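Bear in mind these aren't lab numbers, they're just calculated from the coordinates by the rules spelled out. Computed from a predicted model, the values in this text were never measured in an experiment. When we count neighbours, we look across all protein chains shown, and the Cβ atoms used for this are built from the backbone with ideal geometry, even at glycine.
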Amino acid sequence: MSEHLPNTNYLEPEMLQKLDDLELIAREAVEGLRSGSHCSTLRGFSTEFAHHRQYSPGDAIRDLDWRLYGRTDRYYTKLYEAETNFDCHLLLDSSASMTYASSRVSKLEYAKYLAASLAYMVLKQRDSVGLSVFDSKVRAYSPPRSSMGIILEIDRLLRQTHAASKSSIAQQLYDTAILMKRRSMVILISDLFADTEDILRGLDHLRFAGHNVIVFHMLDPYELEFPFKGAWRFEGLEEEEPLTTQPERIREGYLKSFNSYLDNLRAGCIASNVDYTLVDTSVPLDAVLGEFMDRRASAFAGALAGARQ
């Protein structure tokens, strides 16, 4: 696929070669999200008719074929085959805190490359991908499509994305759920600097609706390690009050509080069956994606083995 890909800002040839060896694998094996691999065991999920079977008590009345009943005077239930292709919704947080960078690449720039790479991988499977860019509200939106043109559209939106405001992550998750017409994959790319309980409620809402949810938690290594020394004045990126201090004096308390925040997020995601990945922006993108895909592949194999038992 990379041979025919038009020039883009956020997909470099070297990265494309690495991405071609990776594959986006959904955790729920039974939903058949790997395009072309197999059909789902779910019924009534799409409009692709499979076959009839005679009605049995407990079958949904809405699935009865009344036309066939008119011809045969017998009740038959319509069964459907779920299509294996899926919609992937990329949600990119462009709030002001995403501009932080201890080196050349900010969390937002890294996130743009990540979003473009994931979009490419979805298209490589002949599935549909779209992008929503948000802070306190949606700033740009392109609905999922499976044509090559969506890559150019996503690249254009990423080039036009600039951070400007606070984020409203939970609200965006609720709004995204309204937009989706069928079970989909939702990938949230954010530093998650918002109320943890609100975020988890938003993720829960998506999972309750049956969506496959992935979170890439973008963090700068300085946020993770707090290696500052000397006297510093810390400026809030989202209207917080500035703080002048000696970092060594607050480092222990900061790391304790920050690690507790990370533990709560990770535990909440696990409880909701949300795939959580912490992304250290000092780690090369291909290494992050490689580890993520290996973990997804293992989860897919485990779920498939369990389903066969």
Going by average Cβ density within 10 Å per residue, which order do the peptides 107-117, 9-19, 163-173 take, highest to lowest? 107-117, 163-173, 9-19
Which net charge results when you count Lys and Arg as +1 and Asp and Glu as -1 among the other residues whose beta-carbon is under 13 Å from that of L90? -3
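What is the sum of charges, Lys and Arg at +1 and Asp and Glu at -1, for the other residues whose Cβ falls under 15 Å from the Cβ of R156?
Overall, the nearby charge balance is +2.
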Within straight cross-link reach of K112, meaning Cα distance under 22 Å, which lysines are found once same-chain residues fewer than 8 apart are removed? K18, K124, K137, K166
If you bin the C-alpha pair distances of segment 89-141 every 10 Å from 0, what whole percents do you get? 24, 47, 25, 4
For segment 112-128, just list the computed ³J(HN,Hα) in residue order, Karplus coefficients 6.51, -1.76 and 1.60, θ = phi - 60°, integers in Hz, with x standing in for Gly and Pro. 5, 5, 5, 4, 5, 5, 5, 4, 4, 5, 5, 5, 4, 8, 6, 10, 9
By the scheme Lys and Arg +1, Asp and Glu -1, what is the net charge of all other residues having a beta-carbon under 14 Å from that of F258? -4
Note down the nm distance, to one decimal, between modelled labels 7 Å out along Cα→Cβ at R266 and at L179. 3.0 nm
Which distance in nm do the two modelled labels at S298 and V283 give, with both placed 7 Å along the Cα-to-Cβ direction? 1.3 nm
What distance in nm lies between label points placed 7 Å from Cα along the C-beta direction at E291 and K137? 3.8 nm
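At a 10 Å Cβ-Cβ cut-off, how would you order H217, H89, fewest neighbours first? List each step's numbers first, then the result.
Working: H217 18, H89 24.
Starting with the residue having the fewest Cβ neighbours, the order is H217, H89.
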Arrange the following residues from fewest to most other Cβ atoms within 10 Å of their Cβ: I178, I151, I250. I178, I250, I151
Would you work out if segment 119-178 is rounded, prolate or oblate? Take a ≥ b ≥ c from the square roots of the eigenvalues of the alpha-carbon gyration tensor; rounded if a/c is under 1.5, else prolate when a/b is larger than b/c, oblate otherwise. oblate
